Each structure stands twice: as C-alpha cells, then as structure tokens.
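Structure first, commentary second.
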Amino acid sequence: RGRYYEPNGKIESFLSDVAKIDPASKDIRICILRGGNSSGKSALGVNIAAYLQQRQPNPYFDRIPYLRNFKRKNRGRFYTTATAAKENYQDEFEKWFPRGKWTGLKEGHPYFKKVRFQSGSMFDIFTFDQMPKQGESITLSWAIVDEPMSHKHWGALISRLRFGGIIFILMTPLEGAGWYHDALEIPGRLGQDVIAARVRTEDNCIQQGVRG
C-alpha cells in the first residue's frame with residue numbers, strides 16, 4: 001500500500017526541503033518535523049522506513065535524490081516509546097509495508113523488535129526505556145525518532161551513524177523536547193545539516209488541509 005501513500009500538503013513541503021540534500025553527502029543529516037497528534041507524522045515515518053529499506057516506488061519519495069539513491073541493503077532503527085511500539089507500530093507496518101516482502105520478528109517482545117525486508121535491509125525498534133548502551137553494538141544508516149528522546153539517547157544514536165546517514169525526528173513538542181531547539185534548530189545548523197518544519201493537526205484534516 002505504501003506506493004499509494006500521499007502526504008498532506010505541509011508534509012509534502014517538508015519533503016521538498018529533504019529533496020535539497022546532496023545525494024552524494026556522507027554527513028549526518030537531521031530532518032525535524034514538529035507536529036500535533038494525528039498530523040500524519042507516524043504514517044510518514046513508516047513509509048520513509050519502507051522506502052529506505054525496499055524502495056517501493058512512490059512519487060513523493062522518488063523525487064528526493066538522497067532517498068532514491070540511498071544504499072540498499074541498509075540497517076536502520078526506530079526510536080519510540082514502549083507503549084507506541086506495542087500499540088501502534090505493528091498495525092502501521094501491516095498497513096503500509098509491501099505485502100509479502102517483509103518479516104517481523106518479536107524475539108520475546110509484545111511487538112515486532114526487528115523487521116527484515118527481501119532486499120536484505122533490516123531495522124529494529126529501540127524504546128526509550130532501554131539504556132543507551134543497549135543499542136551501541138551496531139552501525140546504522142538511518143534512524144527515525146518518534147517523539148522526544150533524552151540527550152543521552154541522542155548521543156548514543158549519533159555515535160551509531162559512523163559513516164553518515166539520515167535521521168528523521170518526527171515529534172510532538174512536549175516536555176523534554178527543548179534541547180532539540182537549543183542544540184539543533186540554530187542559525188549555524190539550519191539549512192546546513194538540519195532541516196526543520198512544522199505541521200498542524202489541521203493540516204491533516206480533510207476540510208482544512210491539502211490531502212488531509
């Protein structure tokens with residue numbers, strides 16, 4: 001179903017900024033999308049993950065050279081809360097991922113802990129209640145951060161992208177998110193290694209938004 005994914009207008013504008021990233025870049029690129037609940041962030045994250053892993057054709061992602069030319073196979077990671085991992089993501093994966101081209105592995109958890117694609121790519125889910133050191137044994141190519149993470153988890157994440165890559169931070173600005181603004185959304189970084197945008201719940205509304 002992911003080939004038919006259509007972002008709302010604000011998220012499409014955000015993706016247009018992502019399209020400006022040099023496809024030959026070997027640096028770490030950080031793309032921040034702040035938004036309210038039900039603004040389309042989770043669906044965006046799941047579809048980006050599927051595209052990075054398998055590159056199922058989608059017109060909105062195909063027009064982004066950095067994503068289109070991303071190395072496959074690759075290793076990625078979702079960072080989220082334990083509640084979201086258990087209650088939200090399995091349904092989202094089954095809704096959007098290409099049928100028959102991926103396998104979810106629970107490994108003793110009540111949710112898919114790892115997902116493998118036929119391309120050879122894979123990602124895991126790392127929850128914020130885990131100690132940062134538990135995720136330090138692998139090298140990542142990309143990460144999707146769903147909701148604010150602690151500065152300790154952020155430091156551990158950055159160290160995993162040893163050869164560069166891309167991080168999507170898709171969050172509702174709640175308590176504990178202030179350090180993102182102070183450290184990342186600053187003049188010396190915006191437009192360089194950091195992209196930042198906002199989407200409102202209304203932007204994902206059928207009546208008020210574009211493709212809501």
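The values are calculated or read from the model by the stated rules, or taken from the named source; none is laboratory data. Note that this is a predicted model, so its numbers are computed, not measured. Glycine gets a Cβ as well: all are built from the backbone with ideal geometry, and neighbour counts include every protein chain shown. Please note that ligands, DNA and RNA were not included when accessible areas were found on the heavy atoms of the full protein model with its side chains. Shrake-Rupley method; radii C 1.70, N 1.55, O 1.52, S 1.80 Å.
Accessible surface for Met131 stands near 130 Å², nearest 10, in the context of the full protein assembly shown (1.4 Å probe). Once the mean of 1/r is taken over each pair of separate Cα atoms and inverted, the range 136-183 shows a Kirkwood hydrodynamic radius of 11.4 Å. Between Arg162 and Ala24, the simple label model (points 7 Å from Cα in the Cβ direction) yields a spacing of 2.5 nm. Sorted largest first, the spans of the alpha carbon positions of the chain along the three principal axes are 42, 36, 35 Å. Note on exposure: Ser121, Ser141 ranked by accessible area (1.4 Å probe, complete protein assembly) read Ser141, Ser121, with the most exposed listed first. For the set Trp102, Trp142, Trp96, solvent exposure ranked by accessible area (probe 1.4 Å, protein chains only) runs largest to smallest as Trp102, Trp96, Trp142.
Roughly what % antiparallel, to the nearest 5, for the DSSP beta bridges in the chain? Roughly 20 percent of the DSSP beta bridges within the chain come out antiparallel. Rounded to the nearest 10 square angstrom, Phe70 shows an accessible area of 20 square angstrom against a 1.4 Å probe. Could you list, in their original order, any pairs among Lys20/Lys86; Lys41/Lys101; Lys41/Lys71 whose Cα atoms are separated by more than 31 Å? Exceeds cut-off: Lys20/Lys86.
Mind checking which of Gln90, Ile138, Gly155 is farthest towards the positive end of the range 77-173's charge dipole, using Cβ charges of +1 (Lys, Arg) and -1 (Asp, Glu) about the Cα centre? Of Gln90, Ile138, Gly155, it is Ile138.
Between Glu12 and Leu190, the modelled labels are 2.4 nm apart [label points 7 Å from Cα along Cα→Cβ]. Ranking Glu147, Glu136, Glu6 from most to least accessible surface, computed with a 1.4 Å probe over the protein chains only, gives Glu6, Glu136, Glu147.
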